[in-house]
Amino acid sequence: MDTTGLDLVDADGGCRIPVRVKPGAKQDTLIGPYAGRLKMTVVAPPEKGKANEAVARVLAGALNLGTSRVRVVAGFTEQNKVVFVEGCPARDIRDRLGRMPRISTGARKD
């Protein structure tokens, strides 16, 4: 995945990743950069924090990190969110995402 268009910010011992999320999608997928954000889809609906949990889970899996290290910190009820990844600087995030093509976790809506 090309990460040159992502506005990643090192902060507080980790990295802040701006994301654009489409909840209620057919599958969980990391699509790529979109206007400085990481565009992604999640199967989870946008209700009761389910989509936010899915965003953290999908990103943690794609980055090969524990889910406790990834959390949504802004935009809880919006499509534009900010995700914080603890203990992983922007350089490492770019390296990890850069090694991957478009990513699907395999989770699908039936």
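A few notes on this one:
- Put simply, the amide H of ALA11, placed in the peptide plane, has neighbours under 5 Å in ARG16, leaving out anything fewer than 5 places away on its chain.
- Surface per residue (accessible, 1.4 Å probe) for the chain, Å²: 54 Å²
- Antiparallel bridge percentage (DSSP; both residues within region 1-42; nearest 5): 65 percent
- Taking θ as phi - 60° and the Karplus parameters 6.51, -1.76 and 1.60, the scalar couplings of region 45-56 work out to x, x, 9, 6, x, 4, 5, 4, 4, 5, 4, 4 Hz in sequence order, x denoting glycine and proline.
- Tensor-based shape of region 8-47 (alpha-carbon gyration tensor, a/c under 1.5 rounded, otherwise prolate or oblate): prolate
- Remark on LYS39: its backbone amide H falls under 5 Å from those of ARG20, ILE31, GLY32, TYR34, a criterion applied only to residues 5 or more positions apart or on other chains, H modelled at 1.01 Å from N.
- Entry note, the chain: the mean residue ellipticity at 222 nm calculated from DSSP H runs of n ≥ 4, each adding -39500 (n - 2.57), is -6500 deg cm²/dmol after division by the residues and rounding to the nearest 500.
- Look at where the Cα atoms of region 72-87 and of region 1-47 average out, and the two centres are 9 Å apart.
- Expressed as a whole percent, the proportion of Cα-Cα pairs in the chain lying more than 16 Å apart is 52%.
- Counted over the chain, the DSSP beta bridges are approximately 85% antiparallel.
The values are calculated or read from the model by the stated rules, or taken from the named source; none is laboratory data. Note that the coordinates shown come from a computational prediction; the quantities given were computed from them, not determined experimentally. Heads up: the accessible areas ignore ligands, DNA and RNA and are worked out on the full protein's heavy atoms, side chains in. Shrake-Rupley method; radii C 1.70, N 1.55, O 1.52, S 1.80 Å.
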